[in-house]
Amino acid sequence: MSPLSSAAFEQLKEKIPYVRLGTFPTPVERLSGLENALQTAGLFIKRDDKSSEQYGGNKVRKLEFILADALAKKKKHTITFGYAGSNHSLAVAVFAKRVGLAPISLHIPQPNAEYVRKNLLFQEFLGTELHPYNNMLSIYVGTILVFIKCTLKTGRFPYVIPPGGSNVLGVMGMVGAVLELQEQVARGLIPEPDLLYVPLGSCGTAAGIALGMKALGWKTKVRAVRVSERKGSDFRTARELFNKTAGRLTKLLPSFPSVDLGEGDFEVYENYLGEGYAHFTVKGMEAVRRLAESDGVTLEGTYSGKAMAALIDDAREGKLAGKNTLFWNTYNSVDFGSKIEGIDFRRLPRQYHAYFTEDDQPLAARAGKERA
């Protein structure tokens, strides 16, 4: 048996707090339509967009360990951070409420799009305490004030979850995802991937995938497509999370192998960000449209569309020839529109109202018209 296996991971869940939140395993599928369109064989997708019936995406796996730790520490509130339309802060709100914790989200501005409005309204539906700020400096000050207020009210410090859930516990959740993939490979549902494409934001997802694959002894090369500003979204950050999590797992599971992450194992794609975080790009939105038409898979313009754009470019340039290539879909495909019908955006703090009264960024607006 491999030192890293599903059995070993079950042992891990007995040694540290864990709460089941997701619906696993998530499917693996062949992207046959995209293969035909690009004349490239060996394209597959890991459907983590289906990780939960409540709200899918890559955050679910991270939160199974993070929120369990909060419960074990007898916390009452969670605090997390992100841009106004953060999928992460919404995921925290969904699952914190599910396990009996009160979520608090602190946000900074971002370019407008339909999903920003939907995510804010869903958090309002869930009763999330929302705090908008103008910039990073004000969110730092605001965090201190919210922290003090919450502590005075409840007598307990709130549980702080970093952006993206990218800490050691969150990375562990993604290591478990690779073990799930290993079983799907063993069952013949998908070949062992030579290449793997994934968005690179706060680095936890990509670092966990890379760690799991290195521990299995796979030769898979991770191509991480940067979708946010370089600080905290780079190889150095990913390797730091990789090493910290590997060290923790080695202590918890003595059979866990000694592994390292080299630049040959993990390539950061720098040219798909566009004007900045959450700014949609022509290539990204074309990738969203193409995958919807070819295989019926929904992506979006901030993360997954940009990562798919990189894969499509590489396919066109012949860089995937003779390779088994896996795209890891980190998006949520669960429709929660019925839950937010009739919610008045004016219930939100005033700083959020502009997202509902001002136009979307041009590429987002165009995509909306095409869908209509």
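Identify all residues within the stretch 311-328 that are within 22 Å of the chain's Cα centre (by Cα) and either closer than 17 Å to residue 220 by Cα or outside the structural domain of residue 281 (by TED's automatic domain parsing) (or both); write none if there are none. Give the steps one after another, and end with the answer.
Kept after step one, since they are within 22 Å of the chain's Cα centre (by Cα), are these residues of the stretch 311-328: 311-312, 325-328.
Passing the criteria: 311, 325, 326, 327, 328.
Looking only at residues that are in a strand (DSSP E or B) and of a type in the set (A, V, I, L, M) in the stretch 101-139, which one is surrounded by the most Cβ atoms within 10 Å (Cβ to Cβ)? Can you show your working first?
Kept after step one, since they are in a strand (DSSP E or B), are these residues of the stretch 101-139: 102-108, 129-132.
Checking which are of a type in the set (A, V, I, L, M) leaves us with 102, 104, 106, 108, 130.
Details: 102: 18, 104: 27, 106: 22, 108: 18, 130: 21.
Of everything passing the filter in the stretch 101-139, 104 is surrounded by the most Cβ atoms within 10 Å (Cβ to Cβ).
Residues of the stretch 43-100 being in contact with a Gly (Cβ under 9 Å, 6 or more places away or on another chain), in a strand (DSSP E or B) and either modelled with pLDDT under 95 or farther than 25 Å from residue 117 by Cβ (or both), which ones?
Of everything in the stretch 43-100, just one residue is in contact with a Gly (Cβ under 9 Å, 6 or more places away or on another chain), in a strand (DSSP E or B) and either modelled with pLDDT under 95 or farther than 25 Å from residue 117 by Cβ (or both), namely 47.
If only one of 302, 330, 298 is surrounded by fewer than 24 Cβ atoms within 10 Å (Cβ to Cβ) and either closer than 30 Å to residue 138 by Cβ or of a type in the set (Val, Ile, Thr) (or both), which one is it?
Exactly one of 302, 330, 298 is surrounded by fewer than 24 Cβ atoms within 10 Å (Cβ to Cβ) and either closer than 30 Å to residue 138 by Cβ or of a type in the set (Val, Ile, Thr) (or both), namely 298.
Which of the residues belonging to the stretch 161-175 are farther than 11 Å from residue 245 by Cα and surrounded by fewer than 24 Cβ atoms within 10 Å (Cβ to Cβ)?
162, 163 - these are the residues of the stretch 161-175 that are farther than 11 Å from residue 245 by Cα and surrounded by fewer than 24 Cβ atoms within 10 Å (Cβ to Cβ).
In the stretch 54-74, which residue that is of a type outside the set (A, V, I, L, M, F, W, C) and out of contact with any Asp or Glu (no Cβ under 9 Å at 6 or more places or on another chain) is nearest to residue 353 (Cα to Cα)? Full working, then the answer.
At the first step, the residues of the stretch 54-74 found to be of a type outside the set (A, V, I, L, M, F, W, C) are 54-59, 61-62, 64, 69, 73-74.
Narrowing the set further to residues that are out of contact with any Asp or Glu (no Cβ under 9 Å at 6 or more places or on another chain) leaves 54-55, 59, 62, 64, 69, 73-74.
Values: 54: 26, 55: 24, 59: 27, 62: 31, 64: 32, 69: 34, 73: 36, 74: 35 Å.
Here the answer is 55.
Consider residue 22 carefully, then state whether it is in contact with a Ser or Thr (Cβ under 8 Å, 6 or more places away or on another chain), small (Gly, Ala, Ser), outside any helix (DSSP H, G or I) and more than 21 Å from residue 182 (Cα to Cα).
Numbers: in contact with a Ser or Thr (Cβ under 8 Å, 6 or more places away or on another chain): yes; small (Gly, Ala, Ser): yes; outside any helix (DSSP H, G or I): yes; more than 21 Å from residue 182 (Cα to Cα): no.
No: the conditions fail for residue 22.
If you check residue 255 against the conditions, is it surrounded by fewer than 15 Cβ atoms within 10 Å (Cβ to Cβ), polar (S, T, N, Q) and either at pLDDT 95 or above or assigned to a loop (DSSP other than H, G, I, E, B) (or both)?
Numbers: surrounded by fewer than 15 Cβ atoms within 10 Å (Cβ to Cβ): yes; polar (S, T, N, Q): yes; either at pLDDT 95 or above or assigned to a loop (DSSP other than H, G, I, E, B) (or both): yes.
Judged against the criteria, residue 255 is a match.
Going through 181, 211 one at a time, which residue ends up being in contact with a strand residue (DSSP E or B) (Cβ under 8 Å, 6 or more places away or on another chain) and in contact (Cβ under 8 Å) with a residue 24 or more places away in the chain? First the steps, then the outcome.
Working: 211 fails: in contact with a strand residue (DSSP E or B) (Cβ under 8 Å, 6 or more places away or on another chain).
Within the list 181, 211, the selection yields 181.
The values are calculated or read from the model by the stated rules, or taken from the named source; none is laboratory data. The shown structure was predicted, so the numbers you read here are calculated from the model rather than taken from an experiment. Cβ atoms come from the backbone with ideal geometry, glycine included; neighbour counts cover every protein chain shown.
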